[in-house]
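The values are calculated or read from the model by the stated rules, or taken from the named source; none is laboratory data. Only a predicted model underlies this, so the values are computations on that prediction, with no experimental measurement involved. Cβ placement follows ideal geometry from the backbone for every residue including glycine, while neighbour counts extend to all protein chains displayed.
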Amino acid sequence: MNELVKINSLDISKLDDQDVDIIYQQIMQRKFNNMLARQEQMEDSMKKLEARIDINQTELENRIEDMKIDNEKKLEVTINTYRVDKNKWGFESQADFGNRFRVSIGSKTVGKLFKVIGIAKKSKKKTEPTRDVINSGKSTTEIVKGYETFRWHHEKCIKQLEKWLLEHDLLEEFYSIDKENDLQIFINSLYDTYIISGEDE
C-alpha cells in the first residue's frame, strides 16, 4: 500500500528527461518480462497438454489394436467352427461341398455361390467351372452314368470363397449366419447383385 502511495505521489514533472526515459525503459522492460513469463507459462501448459494427448492417443491406439486382434481371433474361431471335416478335404460334388458347413448350403445355392466368387461360368445355366479353375486344380470332371459331372476341390474352393468374401468385406457376415434359410437368402442376394446386376464387371 505504501508503495502504491509512493507511486501515486511521484511527481515526474520535476524529473529531467533522462530520468523519465530510464523510468519508462524500466516499465517497458517489466512489461516485456511479464509477457515473456506468461508466454513461457503458456508454452509449458501446451507441452503438458500435448504430452497428455500423445499418451491418450497411444493408449487409444493400443486399445484399438487389442480389440482388432481379439476380433480377428473370434472371427477365426467362428470360421473354424463353421467348417467341417478338414481331414476329408478333396474333390466332391456341389451337394457335398454345401454339406461341409455347419449351416448347410443346398446344391443349387452352392452353384450360385461358385458363380458369384468367379470359379463357375456366369453365362451357363449349369454350374460349370471356368477353364482356369480346372487348370488350377479347383475342379475336375468325372463321367457318371455316361454324363460329364464336375467335382470341386473343397479346400481350394473354400480358400477362393474366403478370399472373395474378405475382398468384399463380407467374410464375418457370411460366417455369422446361423440359419440355413438366412444363408440361402444371403447367397441369393449376392447372386442378384454380382451376377444378375453384374456389379463386379
If I ask for residues that are among the polar types (S, T, N, Q), in contact with a strand residue (DSSP E or B) (Cβ under 9 Å, 6 or more places away or on another chain) and surrounded by 14 or more Cβ atoms within 10 Å (Cβ to Cβ), which ones from segment 141-176 would you list?
none
Would you tally the residues in segment 122-149 being in contact with a Ser or Thr (Cβ under 6 Å, 6 or more places away or on another chain) and within 15 Å of Lys112 (Cβ to Cβ)?
1
Among the residues of segment 117-126, is there at least one that is surrounded by 15 or more Cβ atoms within 10 Å (Cβ to Cβ), touching a strand residue (DSSP E or B) at 6+ places or on another chain (Cβ under 8 Å) and within 18 Å of Phe91 (Cα to Cα)?
yes
Can you pull out every residue in segment 94-128 that is part of a helix (DSSP H, G or I) and either more than 21 Å from Ile185 (Cβ to Cβ) or of a type in the set (D, E, K, R) (or both)?
Asp96, Lys108, Lys112, Lys115
Selection status of Glu50, more than 21 Å from Ser176 (Cα to Cα), within 30 Å of the chain's Cα centre (by Cα) and not assigned by TED's automatic domain parsing to the domain that holds Ser176
yes
Are there helices (runs of 4 or more DSSP H) fully within segment 129-201 with at least 2 residues that are among the aromatic types (Phe, Trp, Tyr)? List them.
171-176, 180-191
